[in-house]
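What follows is one structure encoded as C-alpha cells, with my remarks underneath.
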Amino acid sequence: MKELLRFERVSFAYEEGRDALSSISVTIRAGEKIAVLGNNGAGKSTFFLLANGVLKPHSGKIFLEGAAVGRSVKELNALRRSVGLVFQDPDVQILAGSVEEEISFGPMNLRLSRQEVQSKVDGAITAFELDAYRQRAPQYLSGGEKKRVTLADALAMEPKLLLLDEPAASLDPANTRLLEQNLATLSQRGMGLLISTHDVDFAWRWADRILLFHEGRLAADGDPETIFCDLPLLETCGLEQPLLCQAGAALGLDKMPRTVEQLKPSH
C-alpha cells in the first residue's frame, strides 16, 4: 500500500522538559483502518494535532507521501489538505450559519469551481443523510447531528488520510452503524483512517491495525490479535480485553471471534 504519512523520531512538548510525545516513529498507508488507543494523557490527541499540522514537532520529521514537511505555509497547507481532522466536540469545529454553508467552507477555500464545490458538498450531505438539514442552523442540531455535520465537513475535503477523535461519541446506535458503513466506504476508496477511541470492542471489531500509546510513547503497533492477546501489555497501558476476545478465550477457541456472528457455532 502507498505510504501517506510518516513520523521519524518525532517529539513534542507543551512545556519545557516534559514531552507529550517522545521519539515517535510510525508509517501510515493508504486504505489502512487504524485504531489509536491509550488512556487520557497518553499522547493520542498530540499525535493527531501533529499529523494534521496544527502542531509542529520540536524534533524529528514528518513526511507526506515521502516528502518532508517543513514549516512553510505552503507545506503545512498541503499537509492539512491531505490529512483531515474531526474533533471529538463538534461545537469547536462548526462555524457557519447553515449546514450546507458549513460543509462548503473547506472546498471553497481550496478555490475550486462552484460546480466542484457543490458536487463535493452534495456527496458529503448524501453520505451522512443530512439532506433534510441543509438550511438548518447547526447550533439547533442535536449532538449526534452535529457530529454527522463535522464528519461531512471532512469528507467534502476528500483528504487522503482522515483522523477521527472518538467519532461515535453522541451518536445513537443507528447513526453509529451509519458511521461504520461510511468508514468502510472511505477505506475501500483508499482513504487512510485513524480513529482515536476508548472503545476496545469497536477497535477489535473494526481495525486492522492498532497503535497503542502510553505516557507519550508508542507502546505497541500491530494487528488487533497480537495487541489484545498481550495481557501484560494491556495491564501496563490500563486497557481491558474486548468482550469477544474474552469470550473466545473462555470458550478455548484457537481463533478469537471479531464479530458476534463468528462466535456462533457453525452447522
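The values are calculated or read from the model by the stated rules, or taken from the named source; none is laboratory data. Owing to the predicted nature of the structure, the values given are computational and were not obtained by experimental measurement. Neighbour counts are summed over all protein chains in view; Cβ atoms, including those assigned to glycine, are modelled from backbone coordinates with ideal geometry. Heads up: the accessible areas ignore ligands, DNA and RNA and are worked out on the full protein's heavy atoms, side chains in. Shrake-Rupley method; radii C 1.70, N 1.55, O 1.52, S 1.80 Å.
Please verify whether segment 143-165 includes one or more residues that are farther than 19 Å from SER187 by Cα and of a type in the set (Ser, Thr, Tyr). No; the residues of segment 143-165 include none that is farther than 19 Å from SER187 by Cα and of a type in the set (Ser, Thr, Tyr). Identify all residues within segment 151-182 that are surrounded by 24 or more Cβ atoms within 10 Å (Cβ to Cβ) and touching a Phe, Trp or Tyr at 6+ places or on another chain (Cβ under 7 Å); write none if there are none. Selection gives LEU151, ALA152, LEU163.
Taking LEU49, is it under 13 Å from the mean Cα position of the chain (by Cα) and open to solvent by 30 Å² or more (accessible area, probe 1.4 Å)? Against the criterion (under 13 Å from the mean Cα position of the chain (by Cα) and open to solvent by 30 Å² or more (accessible area, probe 1.4 Å)), LEU49 qualifies.
Have a look at ARG18, ARG9, ARG29 and point out the one that is open to solvent by 20 Å² or more (accessible area, probe 1.4 Å), out of contact with any Phe, Trp or Tyr (no Cβ under 9 Å at 6 or more places or on another chain), under 19 Å from ALA203 (Cα atoms) and not aliphatic (A, V, I, L, M). Result: ARG29 is the single residue among ARG18, ARG9, ARG29 that is open to solvent by 20 Å² or more (accessible area, probe 1.4 Å), out of contact with any Phe, Trp or Tyr (no Cβ under 9 Å at 6 or more places or on another chain), under 19 Å from ALA203 (Cα atoms) and not aliphatic (A, V, I, L, M). Inside segment 118-138, residues that are closer than 23 Å to THR176 by Cβ, of a type outside the set (Asp, Glu) and not in a loop (DSSP other than H, G, I, E, B) make up a count of 8. Kindly provide the set of residues from segment 144-178 that are hydrophobic (A, V, I, L, M, F, W, C) and at pLDDT below 80, ordered by number. Selection gives ALA169, LEU171, LEU178. Among residues of segment 198-227 that are open to solvent by 50 Å² or more (accessible area, probe 1.4 Å), those with a beta-carbon under 9 Å from a residue that is of a type in the set (Asp, Glu) and assigned to a strand (DSSP E or B) at least six positions away or on a different chain give the pairs ARG217/ASP19. When GLY238, GLY252, GLY248 are screened for being modelled with pLDDT under 95, under 13 Å from GLY38 (Cα atoms) and not polar (S, T, N, Q), only GLY238 passes.
In segment 61-78, the residues that are open to solvent by less than 50 Å² (accessible area, probe 1.4 Å) reach residues that are outside any loop (DSSP other than H, G, I, E, B) and among the aromatic types (Phe, Trp, Tyr) with C-beta atoms within less than 9 angstrom, at least six apart or across chains, in these pairs: ILE62/PHE7; PHE63/PHE7; VAL69/PHE63.
Applying a threshold of 6 Å to beta carbon distances and a minimum spacing of six or more residues, or different chains, the list of pairs starting in segment 32-58 at a residue that is over 11 Å from THR197 (Cα atoms) and ending at one that is among the hydrophobic types (A, V, I, L, M, F, W, C) and in a helix (DSSP H, G or I) reads GLY53/LEU76; GLY53/LEU79; LEU55/LEU49.
Which of the residues belonging to segment 79-91 are open to solvent by 50 Å² or more (accessible area, probe 1.4 Å), under 17 Å from the mean Cα position of the chain (by Cα) and more than 17 Å from GLU158 (Cβ to Cβ)?
First, the residues of segment 79-91 that are open to solvent by 50 Å² or more (accessible area, probe 1.4 Å): 80-81, 87-89, 91.
If we keep only those that are under 17 Å from the mean Cα position of the chain (by Cα) too, we end up with 80-81, 87-89.
Across segment 79-91, the qualifying residues are PHE87, GLN88, ASP89.
Take LEU253 and tell me if it is open to solvent by less than 30 Å² (accessible area, probe 1.4 Å), without any contact (Cβ under 8 Å) to a residue 40 or more places away in the chain and not small (Gly, Ala, Ser). No; evaluated as a whole, the condition is false for this residue. Meeting the requirement of 1 or more residues that are more than 12 Å from the chain's Cα centre (by Cα), the strands (runs of 3 or more DSSP E) wholly within segment 172-224 are 209-214, 217-222. For segment 1-117, the strands (runs of 3 or more DSSP E) that sit wholly inside it and include 3 or more residues that are modelled with pLDDT of 95 or more and either out of contact with any Pro (no Cβ under 7 Å at 6 or more places or on another chain) or within 17 Å of GLU215 (Cα to Cα) (or both) are 3-15, 18-29, 33-37, 59-64.
Criterion applied to GLU145, GLU158 was being in a helix (DSSP H, G or I) and not small (Gly, Ala, Ser), and the one residue passing it is GLU145.
Between SER119, SER104, SER82, the distinction of being at negative phi, in contact with a strand residue (DSSP E or B) (Cβ under 8 Å, 6 or more places away or on another chain) and hydroxyl-bearing (Ser, Thr, Tyr) belongs to SER82 only.
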